[in-house]
1. Condition check: closer than 17 Å to Tyr200 by Cβ and surrounded by fewer than 16 Cβ atoms within 10 Å (Cβ to Cβ). Does His164 satisfy that?
2. Write out, first by first residue and then by second, each pair whose Cβ atoms fall under 8 Å of each other, whose residues are 6+ apart or on separate chains, and whose first residue, in the stretch 93-105, is within 16 Å of Phe166 (Cβ to Cβ) and open to solvent by 40 Å² or more (accessible area, probe 1.4 Å) while the second is part of a helix (DSSP H, G or I) and modelled with pLDDT of 75 or more.
3. Give the stretch 172-195 a look and list any residue that's open to solvent by 20 Å² or more (accessible area, probe 1.4 Å) and in contact with a Gly (Cβ under 8 Å, 6 or more places away or on another chain), or say none.
4. Within the stretch 116-128, take every residue that is of a type outside the set (Lys, Arg) and exposed (fewer than 15 other Cβ atoms within 10 Å of the Cβ) and give me the one that is modelled with the lowest pLDDT.
5. Step by step: first the residues of the stretch 129-154, then only those that are in a helix (DSSP H, G or I), hydrophobic (A, V, I, L, M, F, W, C) and open to solvent by less than 70 Å² (accessible area, probe 1.4 Å), then the one that is nearest to Ser117 (Cα to Cα). Which residue is that?
6. So Ser157 clears everything in (1) among the hydroxyl-bearing types (Ser, Thr, Tyr); (2) outside any loop (DSSP other than H, G, I, E, B); (3) modelled with pLDDT under 95 except one condition, right? Which one?
7. Does any residue in the stretch 182-202 that is of a type in the set (Ser, Thr, Tyr) come within less than 6 Å, Cβ to Cβ, of a residue that is open to solvent by 40 Å² or more (accessible area, probe 1.4 Å) six or more places away or on a different chain, and which pairs are these?
8. For the stretch 168-193, which positions are closer than 20 Å to Gly96 by Cα, part of a loop (DSSP other than H, G, I, E, B) and modelled with pLDDT of 90 or more?
Amino acid sequence: MYEQEKIARVEQQAMRNYGMVMHRSLFGYLYDLLTHTSLYAHWRSLLAFLRRFRAVTFTLKILTVLFSVIETGALVILSTVIFLIILPVLTAFMLGVLLTAFLESRRTNQRLASELSGKRVYVLFMRDGDPNLFLSQNARELATHGTVLLVSPYWISARGLYPHGFYCTVRREAPQILLVRRYYFFSLRRHVLSKIDTAYLY
């Protein structure tokens, strides 16, 4: 039963990756996500994102203790105020990252167009969670035949195959292996990958 569920999740992820490649722009992709994903799934993704920050997790633990002492009415008011504070801060941060990526994308496209010219390019898609050993080995093997672009599942997290620093558009993971932000992928595909020999592996 577990293996069947795992296979089903992999197939769903492959279909989502294929759907992302079929979209012409980031905005079309985001609209598709919003219209085909349940509100509950979005809420769970937001909570998972918040838990990655230790300070936020620590604050949430303290607030949980406080909430158990506060009456229900006060709890609703306080949680609403906190939500209205955290959400704008996270939104402003994400918009700042996207704006920086937008400003960097043209220069990055020019650099990658020159670097990838005449090479075979393989596009792989990372899954959310710990780096997959098979994916890592596959990327290294393919890198001996061309250049591998790993599309990150994360919008902000710097997690990749190897521990490196934060990046907005592209980060070099290893020789001939590049980690690509999901929101930058659409610009890269339209301006660079569409003009060179590219294979997509879902």
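1. no
2. Within 8 Å, the pairs are Leu98/Tyr183.
3. Gln176
4. Keep residues of the stretch 116-128 that are of a type outside the set (Lys, Arg), which gives 116-118, 121-126, 128.
Narrowing further to those that are exposed (fewer than 15 other Cβ atoms within 10 Å of the Cβ): 117-118, 128.
On the way: Ser117: 91, Gly118: 89, Asp128: 78.
Ranking the candidates gives Asp128 first.
5. Of everything passing the filter in the stretch 129-154, Leu142 is nearest to Ser117 (Cα to Cα).
6. So the condition that Ser157 fails would be (2).
7. Every condition considered, the pairs that remain are Tyr202/Tyr18.
8. The answer is Thr169, Arg181.
The values are calculated or read from the model by the stated rules, or taken from the named source; none is laboratory data. Since the structure is predicted, the reported quantities are computational estimates derived from the model, not experimental observations. As a convention, Cβ positions derive from the backbone with ideal geometry for all residues, glycine included, and neighbour counts pool all protein chains shown. Ligands, DNA and RNA are excluded from the accessible area calculation, which covers all protein heavy atoms including side chains. Shrake-Rupley method; radii C 1.70, N 1.55, O 1.52, S 1.80 Å.
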